[in-house]
1. Of the beta bridges DSSP finds with both residues in chain C, what % are antiparallel, to the nearest 5?
2. Please arrange A:Trp165, D:Trp278 by counting, for each residue, the other beta carbons lying within 10 Å of its beta carbon, fewest first.
3. Point me to the residue of chain C whose C-beta lies closest to the C-onto-B rotation axis, rounding the distance to whole angstrom.
4. Only Lys, Arg, Asp and Glu count, each charged at its Cβ (+1, +1, -1, -1), so figure out the dipole size of segment A:184-339 about its Cα centre, rounded to 20 debye.
5. May I ask you to report, in nm to one decimal and beginning with the shortest, the distances from A:Ser35 to the same position in the other copies, taking label points 7 Å along Cα-to-Cβ?
6. Greater than 29 Å separation of Cα atoms is the criterion. Which listed pairs, A:Lys133/A:Lys289; A:Lys192/B:Lys131; A:Lys133/D:Lys133, meet it?
7. Within a 10 angstrom radius of each residue's Cβ in D:270-279, how many Cβ atoms of other chains show up on average? Whole number is fine.
8. What does the charge count near C:Ala128 come to, summing +1 for each Lys or Arg and -1 for each Asp or Glu among other residues with Cβ under 12 Å from its Cβ?
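Computed from the coordinates by the stated procedures, all read-outs in this text should not be read as laboratory data. In this text the structure is predicted, and so the values were computed from the model without any measurement. Glycine also receives a Cβ, built like all others from the backbone with ideal geometry; neighbour counts cover every protein chain displayed.
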Number of protein chains: 4
Amino acid sequence: MIRVGIVGYGYWGPNLVRNFSESPRFKVASISDLSSARRAAAEKQYPMAKVVADCKDVLADPSVDAVAISTPVSTHFEIARAAIEAGKHVLLEKPMTREVGEAQRLVDLAAKHKTTLMVDHTFVYLGAVRKMKELADAGELGELLYYDSVRINLGLFQHDVNVIWDLAPHDLSILDYLVAEKPVAVQATGTKHVAGRPESMAYVTLRYESSFLAHLHINWLAPVKIRQTLLGGTKKMIVYDDLAIAEKIKVYDRGVDVEPSPDVAYQLRVGYRSGDMWSPKIDQSEALKVEVAHFADCVEHGKTPVTDGEAGLRVVRVLAATSKSISERGRVIRLGEDD
Amino acid sequence: MIRVGIVGYGYWGPNLVRNFSESPRFKVASISDLSSARRAAAEKQYPMAKVVADCKDVLADPSVDAVAISTPVSTHFEIARAAIEAGKHVLLEKPMTREVGEAQRLVDLAAKHKTTLMVDHTFVYLGAVRKMKELADAGELGELLYYDSVRINLGLFQHDVNVIWDLAPHDLSILDYLVAEKPVAVQATGTKHVAGRPESMAYVTLRYESSFLAHLHINWLAPVKIRQTLLGGTKKMIVYDDLAIAEKIKVYDRGVDVEPSPDVAYQLRVGYRSGDMWSPKIDQSEALKVEVAHFADCVEHGKTPVTDGEAGLRVVRVLAATSKSISERGRVIRLGEDD
Amino acid sequence: MIRVGIVGYGYWGPNLVRNFSESPRFKVASISDLSSARRAAAEKQYPMAKVVADCKDVLADPSVDAVAISTPVSTHFEIARAAIEAGKHVLLEKPMTREVGEAQRLVDLAAKHKTTLMVDHTFVYLGAVRKMKELADAGELGELLYYDSVRINLGLFQHDVNVIWDLAPHDLSILDYLVAEKPVAVQATGTKHVAGRPESMAYVTLRYESSFLAHLHINWLAPVKIRQTLLGGTKKMIVYDDLAIAEKIKVYDRGVDVEPSPDVAYQLRVGYRSGDMWSPKIDQSEALKVEVAHFADCVEHGKTPVTDGEAGLRVVRVLAATSKSISERGRVIRLGEDD
Amino acid sequence: MIRVGIVGYGYWGPNLVRNFSESPRFKVASISDLSSARRAAAEKQYPMAKVVADCKDVLADPSVDAVAISTPVSTHFEIARAAIEAGKHVLLEKPMTREVGEAQRLVDLAAKHKTTLMVDHTFVYLGAVRKMKELADAGELGELLYYDSVRINLGLFQHDVNVIWDLAPHDLSILDYLVAEKPVAVQATGTKHVAGRPESMAYVTLRYESSFLAHLHINWLAPVKIRQTLLGGTKKMIVYDDLAIAEKIKVYDRGVDVEPSPDVAYQLRVGYRSGDMWSPKIDQSEALKVEVAHFADCVEHGKTPVTDGEAGLRVVRVLAATSKSISERGRVIRLGEDD
C-alpha cells in the first residue's frame, strides 16, 4: 500500500483524491490546501485523511511515500523540488512548469534522488488515445502524415495563462505519446479578444524533420464546443471526436495510392482509395484511474512512466516556444534554440 | 439581350453555359473548347450556339458583347487581355491570374477600355454567405473578431497548382466580401504527401492591423469532408456548415462581456454570455444564377461588380504571398512587400 | 425544515438522498434498505441519517414528515399506503403502481388523510420539457397535432417488467404534462427477443377525441441510443433531442397553411411554410433538484403537485391498457374500459 | 437493342427516359404525355424520340419491345393491361395498382402472355439496400428481429392518395426484398392535419408468424427530414441513414447473448454485447441505372425480375390492408382476409 499525500484540493485535486482512495494500491494519507473552505470539504469527504493548510506538512511526513501536486503552475517547481528532495515519488499536474529550465531541473533531481517523476498528462491514459496509439504502433495507419486538432469552446478566461498554456498541453501530450518523431520547430499565432488579458485564441504549428505536420486550433471564444482530432497516415486515417457519445474513434480506409505509371515513363500515378470505415470498441475506463494504477506500477517496480519528466519537459519546451513565437509576431522558433 | 461567348467547356464551363442559357437577359452566342469531345457535347446540348475550337473566334466576333472564361488559370491572363482589348465585358474564373502583376494589368486594362471585369467568386453569391454579410453589416455580430475555415476532404490531387491555389480562393473571396478590413500579412505552412507533387495540405493565417485574425485549413487528404466556417464577433458568432442539409447558418448569442468591476479598482470583469441560437432561413437559389443576374446588371447599367477585378487582385495577392511564405519555410509575408 | 425518510437505496435512491440533503428545506432523517451492503454505503455517505433495514422503522418514526419511496414497483402500493396512513407526505417512484385500482386507492387515501401525494415523474421537471410546456401554453405552436417519441438503446433487460413499463412512463408523464387533452384509447404492439422474457421492444399509440395523435417507440435492443421527441403544432414544431450536448430543443417555424382558394369554390389551398429555426436557452438545473423544491412547496403550502397522484394514476391507466392490448394481439383498448 | 416507349413524362418519367437513353441496351423509341408542355420538353431534350399525346400510339407501335409506365396510380392497371396484351414487356411505376385484384390480374396476364412484368421498386436497386441484403443473406446479422423505418419530412400534400400510399411503398418494397418471411397481419393508424384531405401522418405495423416485427412512421408534416431504418438481428444490427453524405450503412456488433446459466437451473443468463461498428463502402451507382440494366437482363434472357409482379402485388396487398385498418380505427387486418 502506497501512502499518498495530495497537495492542492481545488478543481482537479478532488479527482485525484477520489481515484487514489478508490485504488486498492494507495492509501490517502494527507491532503493540503490553502483555502479553509476546501479543507473543510476534504475533511467532510475523507474523514480518515489528515487535512492541513501547509503543503510542507505533507512533504515533511516520513510516512508519506508519494505526492500528487495539483496547484497553480507557478508553484509546481518549488513544491515538486521539495517533494523530490524529501525522497517522495511525484505525480505532477500539467503543464509541468512555467519554464524549460525548471522542468529540466526536476528531471535531473528525480534521477539523482531515484524517485518516480510522472507528469499528469491525463489524456494519454484515455481509452480512445490508447487505441490510436495501438493502431499507429501496429502499422495500421502506415506512415504518419499529420495530426490536426481543434479544441475550442466558450471557455473560462484565465487570468494568469493564455489559451495555449491552458488547452494545448492536452494535444501536445497526446502528440508526444503517439508520434515517435519529435518536433524541430514551432510557430504560433494568437489574438486577444479582451484587451489586457492573455491570448484567448491561437493556432500552433509544429514542424518535423520529415514531412509530418502537426497543427492545433485552440480557442476560448468559440460559439460551439469542438474536440476533434485528425490523424492522417499513408494507409489509413483516424477521426477522433472526444465529444461523441458513441464511436469516438473512426478509422477510415482512405488515402492516396502512388504507383509507377505503366504508360508514362518517370511519372507516378496518384490514385485514391475510399473504402470502409471502422469504429473500434474503446475501453471506457476513467483515464485517471488507469493513470493512478500506472503510477503505482512505476512506484512499486521502478518502471519509467509513460508520461515521465522527459515527456513533461518536451511539452513545456513547445509551450515556451509558442510564447516566443507569438511575442515575435509569428516567427518560426527552432526548438532548443535558446532553452 | 446580352450576347455571351463562353471560353472553356471543361469542368465549370457547362455550369456557366446552363445558367446563361436559362437567364432571360443573355443569349449564348458561342462556345469554344480545344477538345473535340467537349465541343461535341456542347453542340449536342446547345444546338443554337456556335461551337468552335479556337477562342479567338469567340473574341473576334463583333456580335459577342461579353465573354465568360473558364480555362486553366495559366491561360487566364492572355485570354482576358485579348477579350478586354476587343471591348468585351469579361467574367473570369477564379483565381483570376497566376501572378499579381497580371491581375493588376487586367484591372488597368478594363478601366482603360471601360468594360466590366468581374471575377467568378461564386461563393459570394450563395444565400448562406449573403446572409452572413447581411448580419455582419447590420451590426448583429458586433465587432468582428475572427474567421476560421476548415475546407478539407479526400480530394483530387492537382498536377499544376497546390491545395492553396485550388481551394483557398473560396475562403479568400468570402473573407474579402465579408470583412471591410484587409489583411496586412500572410503566413502559410504546407506539406506534400506525395513526393514531387504540389502541397496537398496547408494552413494559412491572415493578419490584420486590428486584432482580427483569419485562418484556413485546406486539405486534399482528409478522411472526412468538412466545410465549416466560424465567424466570431463581440456580440454574436456564426457557424456556417456548407454541407448541412438544413440550417447551414447558425447564429449563436454567445460571447464575452467585459465590464468595469465594481469591487476591484482598475480591473475589468470578464463574464460569459450563452443565450439562444437562431438559424435563419436561407435563400436556396443557385449561386451562379444570382451571379449571372448581377453580371447582367453590371454590363447593362455600368455597375461595379461586387466581385470586381480589384477583389480578384486582392485574392491573388494573398495567394502569391502564401506561396512565398511556404517557400521561405513559414516566414510572415507583408502584403505588398514585393508585388 | 421538512424531515424526510427515504425508503429504498438502490439505483435511484442515492439521487433522492443527495438532492434532499443538498436542499436547505429538507433534513434527511432516515434511510431504509433491505440490503446490508446498501445500508453500509448509505451510512458511510450520510453519517447523520438513521439507516435501517425495515421501512416500517421509517414509517413509524413520528419525527418523519415525508417519505420518498424508490423500491421495486411491486412494493409501491403497500409502502405508500402505510406511509399515507401514518400521515406522511409521499413522493412515490414511477410507475406509481402495478395496477389502476391500487393507484386509485392511493389517490383516495391521500385525499382522506390530507397528505401530499406526488409521483416522481422526473422528466417533467427538466428544463427542456418545461420550455416545451411554456411554448405550448403560450400558443407559440398553435394547435397541437402530434407527439412522437423514440426512446431506444441497447438497454438492460428487466426480469419483472417489460420495456413499456420500464421506459414509457417517461414519455407518458411528459405527454400528460404537455397536453391538456387526455387519451381515450391505447394500442400497443410488442415483441420478445429472448424467449420467456418480457417484451423488449414495443410501439404504443395513444388516440384522442381530437385528431391529436401520440406514438412511442421504445426498445431495449437497438444498435444506437436515440432519445428524440417531435411535438407538432399547426404554427410551429419542436424537435427535442435529449442527448444533444447543446440545443436540446429546436423550434421550427414550419407547417402547413390552409386558406380558402380564391379561384376554386369550396376548395382549400394547402401551402407550406418553411422559415427560421430557433433554439432557446434551456435551464440546466438537475430535474430532481427542481422537483425536490416543488415537493417542499407542496408539503409546506398545501399546493397540488404538478405530478400529483391523479397524474400518476393516468400514466398507470395507459400502461395497464398497453399490457391488455399486447395480450389481445394489438386490439385497440378504450381507456376506462374495465379499470 | 431493346426499343422502349415511356408512358408519362411528369415527375419521374424524365428520370426513366434519361436512364434508358444512357443505357447501351435500350433505344428510346417513343414518349407519351397528355400535357403539351411536357411533350415540348421531351421533344427538346430527346429530338430522336417520337413524342405523342396518346399512350395508345406507344402501345400500338409494333416496333416497341418494352414499355415503362410512370402515370398516376389510378391509370396503372388499364395501361399495363393494354401493354401486356400487346405483348410488350412492362416496367410499372410503384405502387403497382390501387387494388389487390388489379395487381393479381396483371401478374396473371403477364404469365399468360409470357412478357416480363417488373415493378419500379427503385430503392431495392440502391447500393445501400443491396449491401444490407448481402449482409443479411450471408448470415452476418443472425436471425432478423425487426425492421423500423422513419420516413418523414415537410412534404408535399397529395390530393389523391394518403401519406401511406405515397411514402410506404419505399419501405414495403425494401422489406419485401430483405426479409424472406412475409407479413401475416397489418395495423395502421393515421391522422389528417388538414380537414378533408387524406391522412398526412401514419404509423404502420406489420406482424409475422415469427416474432419478427416491422414498423413504419411516415409523415408529410414533420419539422425535420429523417430517412432512417434500423434492421435488428440476433448477431448484428444495421442503421441505414439515407440522408448521410458518407457512411449510409453502419453495422453494429451489438446484441444480446443468451446462454444457460451455470448456477441457476432452468434459467437463462441474458448478457449484452457491445463491440465494434463498421461502415462498409457502398456502391454509389444511381439506383435507376442498376434497375434499367436488370430490366434489360430480364427482357433479353427471360429472367424473373427481383421486383417482379408478385413483389408489386405483395406491396399492394399491405397498402390495401393499411387503408382497411385505418377505416376500422386501427383493427388488426389479416393479410388475405378478404382480398
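1. 60
2. On the way: A:Trp165 23, D:Trp278 19.
By the 10 Å Cβ count, ascending, the order reads D:Trp278, A:Trp165.
3. C:Trp278, 3
4. For segment A:184-339, the charge dipole is close to 560 debye.
5. Reported distances to equivalent positions: 3.5, 6.7, 7.0 nm.
6. Table pairs above 29 Å Cα-Cα are A:Lys133/D:Lys133.
7. Taking all residues of D:270-279 together, the mean is 6.
8. Working: positive: C:Arg130, C:Lys131, C:Lys133, C:Arg227, C:Lys248, C:Lys250, C:Lys281; negative: C:Glu134, C:Asp241, C:Asp242, C:Glu247, C:Asp283.
Overall, the nearby charge balance is +2.
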